[in-house]
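The structure appears below as structure tokens.
Coordinate-derived values only; no laboratory data. Note that the structure is a prediction, hence the values are computed from the model and not measured. Methodologically, a virtual Cβ is constructed for each residue, glycine included, from the backbone with ideal geometry; neighbour enumeration extends over all protein chains shown.
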Amino acid sequence: MDEPSSPAWTPVRWAENGNVRLAYDQLATGGDGEPLLLVVGLGAARQWIPDGLCHLLAEQGFAVARYDQRDGGQSTHLPPGTTRNPFAALFGKRGEAYTAEDMTDDAIAVMDGLGWDSAHLFGTSLGGAIVQRIAIRHPERVRSLTSMSAVPGDAKGLATLRYLRTGTLAKLSRMKFPATPEGTVEAGVALARLISSPGYPFDERAARATAERIADTGIKDAEAQSRQIGAQWHGPAISTIAKPTLVLHGDGDPLIKMSAARATAARIPGARLVTLPGVGHDLPEPIWGEVATRIRQLADAAQ
């Protein structure tokens with residue numbers, strides 16, 4: 001059944017991958033453009049990708065759709081497992097609840113629901129690793145991919161940890177908020193501040209308004225995040241990707257080191273690395289135009 005969404009977006013629809021239901025919607029404008037699927041990061045609901053950026057992408061000629069990953073937003077949340085610390089989950093040999101391959105297949109289920117034979121992909125943070133994996137596992141469904149603020153898609157365990165800033169991880173692990181609507185908002189504001197761009201002023205009022213509008217409990221759900229981050233990749237290396245690839249990374253990212261982007265771009269044949277000065281692990285408004293333009297240029301090159 002369709003459910004109400006923001007007026008800028010179509011009603012929420014559902015795709016299925018086995019016993020997992022995936023919530024997705026599509027920007028109401030630009031529906032006749034080239035398909036572009038947005039993939040969000042760890043624990044985050046799809047609404048965390050700013051509407052303003054989505055509208056700029058539509059103006060660039062894209063039909064923009066987004067979805068909640070399993071264990072995020074309105075999509076299916078799996079039962080609790082034994083690992084309840086997201087960073088301890090990095091060291092498991094296999095995802096306790098599901099694999100990274102399952103998460104790539106979720107994106108394909110959403111594309112099927114949209115009626116898209118293929119699409120351009122834009123993923124941020126964990127979503128960036130996922131779009132790399134989609135290009136490996138389902139190359140025929142990918143036109144181009146943009147990976148932002150992400151580790152190499154085939155990194156796992158200690159290989160992932162080398163790309164993460166342990167100081168920020170420690171701060172994340174210490175964040176505790178009550179299981180109330182107010183606690184959810186405070187968690188959203190605190191996370192936005194922690195990953196914000198050092199080269200741009202942090203707008204706490206805007207961050208609070210966004211956290212209140214989205215009301216996303218996933219950003220403080222350590223158990224769900226553990227299942228997502230523990231879903232390790234068991235497929236081929238990213239060096240097998242044969243699609244036009246753009247790697248974006250802020251030089252002020254407080255969570256993922258610049259070396260992650262360099263490694264990704266160096267190992268994917270033909271990939272282009274673009275460093276974003278003063279940008280953290282977020283999407284500040286001043287860079288929306290550049291991000292949209294570069295994704296458009298990549299799509300043009302793919303043709």
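If each residue of separation counts as 0.36 nm, what is the full-extension length gain between Ala301 and Ser118 once their alpha-carbon separation is subtracted?
On the way: separation 183, 0.36 × 183 = 65.88 nm, distance 1.59 nm.
Working it through step by step, the gained length comes to 64.3 nm.
For Ala206 and Arg21, calculate 0.36 nm times their separation in residues minus their Cα-Cα distance, and state this gained length in nm to one decimal. Mind showing how you got there, number by number?
Details: separation 185, 0.36 × 185 = 66.60 nm, distance 3.11 nm.
Residue separation times 0.36 nm, minus the Cα-Cα distance, leaves 63.5 nm.
At 0.36 nm per residue, and after removing the present C-alpha to C-alpha distance, how many nm does the segment from Thr240 to Thr180 gain when stretched out fully?
On the way: separation 60, 0.36 × 60 = 21.60 nm, distance 4.53 nm.
17.1 nm is the gain from fully extending Thr240 to Thr180.
Between Arg213, Arg21, Arg272, where does the largest GNM mean-square fluctuation fall for the chain, given springs only between Cα atoms within less than 10 Å?
For the chain, modelled as a Gaussian network with Cα springs under 10 Å, the answer is Arg213.
If each residue's Cβ is checked for other Cβ atoms within 10 Å, how do Val189, Val40 rank with the fewest at the top?
On the way: Val189 19, Val40 24.
Placing the least packed residue first, the sequence is Val189, Val40.
Kindly state, to the nearest 0.05, the FRET efficiency for Ala8 paired with Glu285, given R0 = 25 Å and r defined as their beta-carbon distance.
For Ala8 and Glu285, the calculated efficiency is 0.95.
Would you calculate the separation in nanometres between label points at Thr168 and Asp251, each defined as 7 Å from the Cα along the Cα-to-beta-carbon direction?
Roughly 1.6 nm, to one decimal.
Taking the number of other C-beta atoms within 10 Å as the exposure measure, put Leu126, Leu158 in order starting with the fewest.
Numbers: Leu126 24, Leu158 9.
Fewest-to-most Cβ neighbours within 10 Å comes out as Leu158, Leu126.
Which listed residue (Gly30, Gln47, Tyr200) has the Cα farthest towards the positive end of the charge dipole for the chain, taking +1 on Lys and Arg C-beta and -1 on Asp and Glu C-beta about the Cα centre?
Working it through, the farthest residue towards the positive pole turns out to be Tyr200.
Can you tell me the dipole magnitude for region 13-302 around its Cα centre, using point charges on the Cβ only (Lys, Arg +1; Asp, Glu -1), in Debye to the nearest 20? Numbers along the way, then the final one.
Numbers: 31 positive and 31 negative charges, 215 e Å.
For this selection, approximately 1040 debye.
In which sequence would Trp14, Trp48 go, from the one with the fewest C-beta neighbours within 10 Å to the one with the most? All intermediate terms of the calculation are to be shown ahead of the outcome.
Numbers: Trp14 18, Trp48 26.
Final ranking by Cβ density, sparse to dense: Trp14, Trp48.
Determine how many Å³ per residue the convex hull of the Cα atoms of region 13-302 encloses. Present the calculation step by step, with values, prior to reporting the outcome.
Working: hull volume 33.2 nm³, N = 290.
Residue-normalised Cα hull volume stands at 114 Å³.
What number in nm² do you get for region 220-293 if you take the convex hull of its Cα atoms and divide its surface by four? Please list the in-between numbers first.
Details: hull surface 25.7 nm².
Averaged projected hull area, Cα only: 6.4 nm².
Pick from Gly128, Gly33, Gly218: which residue has the top mean-square fluctuation in a GNM of the chain where Cα pairs under 10 Å get a spring?
In this elastic network of the chain, the residue with the biggest mean-square fluctuation among Gly128, Gly33, Gly218 is Gly33.
What does the charge dipole of region 142-199 about its Cα centre add up to, to the nearest 20 debye, if the Cβ of each Lys and Arg holds +1 and the Cβ of each Asp and Glu holds -1? Before the final figure, lay out the partial values.
Numbers: 8 positive and 3 negative charges, 44 e Å.
Charge dipole of region 142-199: 220 debye, to the nearest 20.
Which is farthest toward the positive dipole end of the chain among Ile241, Pro79, Gln297, measuring Cα position about the Cα centre, with Cβ charges +1 (Lys, Arg) and -1 (Asp, Glu)?
Ile241
Can you quote the Å³ per residue value for the convex hull of the Cα atoms in region 140-272, rounded to an integer?
Numbers: hull volume 18.2 nm³, N = 133.
Dividing the Cα hull volume of region 140-272 by its residues yields 137 Å³.
Restricting to DSSP H runs of at least four residues, report the calculated mean residue ellipticity at 222 nm for the chain, -39500 (n - 2.57) per run over all residues, nearest 500 deg cm²/dmol. Walk me through the intermediate numbers first.
Working: 10 runs with 107 residues, N = 303.
Using -39500 (n - 2.57) per qualifying helix, the result is -10500 deg cm²/dmol.
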